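None of the figures in this text is laboratory data; all of them are computed from the coordinates on show. It should be emphasised that the depicted structure is a prediction, and the values quoted were computed from it without experimental measurement. Cβ sites come from the backbone with ideal geometry, for glycine too, and all protein chains shown count toward neighbours.
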Amino acid sequence: MQKRWIRWFILLILTASVAAAAGKFDWFPGDIAMTGLIQSLTGGNVGWARIVTSTVSAPWNYILLAVTAGLAWWLAGWRGAVIALISFGGLLLAEPYLKSMIARPRPSPLLIRVSGSSSGYSFPSGFGLLYFSMFGYLAVLAWERLTGRRRLSMVLVCCLILVIGGSARVALGAHWPSDIAGAYLIGLTWVMLLLNLDRSVG
């Protein structure tokens, strides 16, 4: 078995373990403290967080997807662009099934500040899944296809976007940090699977 598949199976086991733990515990150690820290740093004005959240709704999510596909084409040709579409569509379709299987409740307003109301379950963050399907995918692709400063710059920009996006959801009290981290971990597992399959076919 090739090393890239061994690494992927290890990642898959880690992801499944985190998801199973999320199904048993309403929050992980450090979630409450980290949420309090993020909310104290961002302050009571969460208008910015609502704006960031809206980017995963139409039409903004499709605009971001088009940009992602274009950059992926630049990095890896038409196959990179096709994988960008599959990355987004696969996690979009998987989100409700993953949430219903894990069934972790949303953060309680008795524990943290919750702005507005969010329905459904919290793990994995649907926002996190969609953001990683685009910006996480681009970060991995840039790491594999670029070198030097261009690689570092693009990876850092993508990671910064992921941090800002995840922080927005935590600032609103819609998710625990572990919901975001878990979504990014699931996204990484999915992206690596797609890229490994692409290498096998190519």
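Amide H of ARG104 versus every other amide H placed in the peptide plane: which residues, excluding those fewer than 5 positions away on the same chain, fall under 5 Å?
Counting only residues 5 or more places away or on other chains, the set is SER122, PHE123.
What ranking, highest mean first, results for peptides 44-53, 63-72 when packing means the other Cβ atoms within 10 Å averaged over each residue?
Most protected by this proxy first, the peptides run 63-72, 44-53.
Could you work out [θ]222 nm for the chain from helices alone, using -39500 (n - 2.57) per DSSP H run of at least four and dividing by all its residues? Round to the nearest 500 deg cm²/dmol. Write down the numbers at each step before the final one.
Details: 8 runs with 148 residues, N = 202.
Per the formula, -25000 deg cm²/dmol.
Given 0.36 nm per residue, what is the gain on full extension from TYR62 to TRP143 after removing their alpha carbon distance, in nm?
Gain on stretching TYR62 to TRP143: 26.8 nm.
Only helices at least 30 Å long along their axis, Cα-based, and averaging -1.0 or more on Kyte-Doolittle count here, so list those DSSP H runs from the chain. Working shown, then result.
Numbers: long enough: 3-24 (32 Å, 0.93); 60-102 (37 Å, 1.17); 148-171 (34 Å, 1.28); 177-201 (36 Å, 0.95).
Taking the DSSP H segments of the chain (at least 30 Å long, mean hydropathy at least -1.0), we get 3-24, 60-102, 148-171, 177-201.
Within the set of other residues whose C-beta is less than 10 Å from the C-beta of SER118, count the net charge using Lys and Arg as +1 and Asp and Glu as -1. All intermediate terms of the calculation are to be shown ahead of the outcome.
Working: positive: ARG106, ARG169; negative: none.
Neighbourhood net charge equals +2.
With +1 on each Lys and Arg Cβ and -1 on each Asp and Glu Cβ, how big is the dipole of the chain about its Cα centre, in debye rounded to the nearest 20? Please list the in-between numbers first.
Working: 16 positive and 6 negative charges, 86 e Å.
Computed about the Cα centre, the dipole is about 420 debye.
Compute the length gained on full extension between TRP74 and LEU11: take 0.36 nm times their separation in residues and subtract their Cα-Cα distance, giving the result in nm to one decimal.
The span from TRP74 to LEU11 would gain 19.9 nm if fully extended.
Choose one of LEU194, THR15, LEU110: the residue whose Cα lies farthest towards the positive end of the charge dipole of the range 3-201 (beta-carbon charges +1 Lys, Arg; -1 Asp, Glu; about the Cα centre).
LEU194
Based on other C-beta atoms within 10 Å, arrange MET34, MET101 from fewest to most.
Details: MET34 16, MET101 12.
In order of increasing Cβ crowding within 10 Å: MET101, MET34.
Quick check on the exposure proxy: order LEU93, LEU188, LEU197, LEU12 from fewest to most C-beta atoms within 10 angstrom.
Final ranking by Cβ density, sparse to dense: LEU93, LEU197, LEU12, LEU188.
Suppose R0 equals 22 Å. What FRET efficiency, 1/(1 + (r/R0)^6) with r the Cβ-Cβ distance, do LYS3 and LEU85 give to the nearest 0.05?
So, using R0 = 22 Å, E works out to roughly 0.20.
Write down the Å³ per residue value for the convex hull defined by the alpha carbon atoms of the range 1-66.
On the way: hull volume 11.3 nm³, N = 66.
Hull volume over Cα atoms, normalised by residue count, gives 171 Å³.
Please list, in order, the residues from the range 116-132 whose amide nitrogen is less than 18 Å from a point placed 7 Å along the Cα→Cβ vector of TRP48.
Flagged as within label range: none.
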